[in-house]
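The values are calculated or read from the model by the stated rules, or taken from the named source; none is laboratory data. Please read these numbers as outputs of a predicted model, since none were measured by experiment. We place every Cβ from the backbone using ideal geometry, glycine too, and count neighbours over all the protein chains shown.
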Amino acid sequence: MAHYVYVLRCADISLYVGETSDLRAREQQHNDGQGGRYTAKRRPVHIVYAEQYSSRQDALRRERQIKRWTSQKKELLVSGNTATLSGISERARVRPGFTWADWLTRSGEHSPETRLDSDPESRDVNHPQDRPSNGRDGRR
């Protein structure tokens, strides 16, 4: 079973990092107010980035790593700017992830139960430079 580390963009433009085995269901739980106190107060939320792992242990390890990052570094990860991201830290480990739009285009590779039928253009929130920064980074 695949496990994912995901990054949510909250309504207040902050980021939240989590782990799940079902991206679609987890996003819905957050939007229903059942995902955690942080996101319950900042709805609606949208998954803007995710990485897939073959084990839950690996996904949890990566989640902990990303949660310790600064909001600037998380924004670079979400934007796909891995060249700049790897220059921020001497020990940066850049792992190819995928945006929500990437996930939707890959949906043909998955079973109908996991297919995500949504317009990727309406969910494209990967441009942090277009938003004012409020200094929040989604940490608990």
Reported set for the range 25-57 where residues are touching a Phe, Trp or Tyr at 6+ places or on another chain (Cβ under 9 Å) and of a type in the set (Lys, Arg) is Arg26, Arg42
Given (1) modelled with pLDDT of 95 or more; (2) over 13 Å from Tyr4 (Cβ atoms); (3) buried (at least 16 other Cβ atoms within 10 Å of the Cβ), identify the lone condition not met by Gln57.
(3)
Could you check the range 1-54 and list, in sequence order, the residues that are free of Cβ contacts under 8 Å to residues at least 12 places away in the same chain and among the acidic types (Asp, Glu)?
Asp32
Screening Arg68, Arg43 for residues that are surrounded by 14 or more Cβ atoms within 10 Å (Cβ to Cβ) and at pLDDT 90 or above leaves only Arg43
So is Arg24 closer than 17 Å to Asp102 by Cβ and either among the β-branched types (Val, Ile, Thr) or in a helix (DSSP H, G or I) (or both) or not?
yes
Check off (1) touching a Ser or Thr at 6+ places or on another chain (Cβ under 9 Å); (2) buried (at least 16 other Cβ atoms within 10 Å of the Cβ); (3) farther than 14 Å from Val78 by Cα for Met1 and give me the number that stays unchecked.
(2)
For the range 27-47, how many residues are aliphatic (A, V, I, L, M), touching a Gly at 6+ places or on another chain (Cβ under 8 Å) and not in a helix (DSSP H, G or I)?
1
